[in-house]
1. Need pairs with beta-carbon distance below 7 Å; first residue over 16 Å from PHE134 (Cα atoms) and touching a residue at least 60 places away in the same chain (Cβ under 8 Å) and within the range 178-189, second open to solvent by 20 Å² or more (accessible area, probe 1.4 Å) and not in a loop (DSSP other than H, G, I, E, B); sequence gap 6+ or separate chains.
2. Would you be able to tell me the number of residues in the range 129-185 that are over 22 Å from the mean Cα position of the chain (by Cα) and among the β-branched types (Val, Ile, Thr)?
3. Being of a type outside the set (A, V, I, L, M, F, W, C) and in a helix (DSSP H, G or I) is the filter; apply it to the range 187-205 and report the residue that is most open to solvent (accessible area, probe 1.4 Å).
4. Quick test of your reading of the structure: LEU70 fulfils all but one of (1) in a strand (DSSP E or B); (2) under 20 Å from the mean Cα position of the chain (by Cα). Name the failing condition by number.
5. Go through the range 307-355 residue by residue and tally those that are of a type in the set (Asp, Glu) and in contact (Cβ under 8 Å) with a residue 60 or more places away in the chain.
6. If I filter the range 131-147 down to residues being open to solvent by 30 Å² or more (accessible area, probe 1.4 Å) and touching a residue at least 40 places away in the same chain (Cβ under 8 Å), which single residue comes out as farthest from PRO238 (Cα to Cα)?
7. Restricting attention to the range 153-181, and to residues there that are at pLDDT 95 or above and among the charged types (D, E, K, R), which single residue is least open to solvent (accessible area, probe 1.4 Å)?
8. Can you go through ASP120, ASP154, ASP158, ASP168 and tell me which one is in contact with an Asp or Glu (Cβ under 7 Å, 6 or more places away or on another chain) and of a type in the set (D, E, K, R)?
Amino acid sequence: MIYRTARLLSGFMLAMAPAVATADMIIGSWNVRQLGWENGKDIKKLAHIIQSMDLIAIQELMSDDALGELVNQLETMTGEPWESMASHSLGKGKRYREHYGFVWRESEVEYAQGAVVFLDHDDVFAREPFSAVFRDVETGLELALANLHVVYGDSVADRVQEVEALGDYWEWLEEVYPSTPRMIAGDFNLEPGHEAWGELRAAGALPALERVATTLAHETGVFRSLYDNFWYESASLPVTDLGMIPFPSVFGMEHDVARSEVSDHAPVFMALDDAELKLIAWPSASTSPIDVGQLAPGCIDLNKSPVTALEGLPHIGPARAGLIEDNRPWGSVAQLTDIDGLGHTRVADINDSGLLCPLGGSI
């Protein structure tokens, strides 16, 4: 197996021109938090981010109608056709049930075959995984993409049993889609370092992201748990870039507003064959066009990473990220205490997050 270390927002761009994929495809995954309920969801903002991808797996879709509204907004926004599919309503109990959705840009991706909800004879999954095969229009590459939202439950033990069952599900995917690269995308409600992932790792799958958080804390600029991810066969897919999109920064939104109007999860993405993720600046946000070069693999560089990447660090919102950029170069992480509001405890959180590139010096 070839292991590729995650790169946070490598190749991440904010541009004023429309997002047009010039080669191959960008795959995304996003828990959109109860899309389809009467909850004030801003579908236009969801579409604004999704248009940067070519194929995306969606969790917490609460109605088919909402998926149709999302596709209509994407087509209006981009001026090109999009397609979608959804599973039937899944979940234990009558109230909290959801669909899994797939949305794709027709010029880049086409549905190939085999859309199916897993038959969970052992009744392990609260919401059985939904999978289908998609094809890159330009290269012909096929991908068996599964979509899963692991139950949050009353305790970690509820999540563990679903994650442990993914080893068998991975083998099932190989039987159903032979000779096709496999990937499971979703909100797993469990970080990839937990021992429960042992069976899936033993079966040959690896996590795309291991060093970045994806859930929005209430404190603006802070991301906490790494729950959203891809598990995939790294040797069989030409992955050239991956990361998460801190969407509140695109819109200039406080986290509490972003959690309510958009989602409490950030989307994650993978780019194949040098495809480049592009995000369009939101007209009313005070975000300047940014052209970001390649980041060092697997870490955030205090001296080189863009403001949008710095905001992925604990306790670093837009204002502090700007101060970090303004006061470069940094000789050590300890010097961050010079920034107002970053005491020794918070700087220790940043240093211990595992997100930083080495700088030298001591904490």
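The values are calculated or read from the model by the stated rules, or taken from the named source; none is laboratory data. Because the structure is a prediction, the values reported are computed rather than measured. Cβ placement follows ideal geometry from the backbone for every residue including glycine, while neighbour counts extend to all protein chains displayed. Only protein heavy atoms, including side chains, enter the accessible area calculation; ligands, DNA and RNA are left aside. Shrake-Rupley method; radii C 1.70, N 1.55, O 1.52, S 1.80 Å.
1. Pairs that qualify, where the first residue is over 16 Å from PHE134 (Cα atoms) and touching a residue at least 60 places away in the same chain (Cβ under 8 Å) and the partner is open to solvent by 20 Å² or more (accessible area, probe 1.4 Å) and not in a loop (DSSP other than H, G, I, E, B): there are none.
2. 4
3. Start the filter on the range 187-205 by keeping residues that are of a type outside the set (A, V, I, L, M, F, W, C), which leaves 187, 189, 191-195, 198-199, 201, 204.
Subset that is in a helix (DSSP H, G or I): 195, 198-199, 201.
Values: GLU195: 160, GLY198: 38, GLU199: 97, ARG201: 87 Å².
Among those residues, the one meeting the criterion is GLU195.
4. (1)
5. Taking the range 307-355 first, the residues of a type in the set (Asp, Glu) are 311, 325-326, 338, 340, 349, 352.
Imposing the further condition that a residue be in contact (Cβ under 8 Å) with a residue 60 or more places away in the chain reduces the set to 311.
Count: 1.
6. Per the criteria, the residue is GLU138.
7. My answer is GLU162.
8. Step by step, each of ASP120, ASP154, ASP158, ASP168 is checked, and only ASP120 is in contact with an Asp or Glu (Cβ under 7 Å, 6 or more places away or on another chain) and of a type in the set (D, E, K, R).
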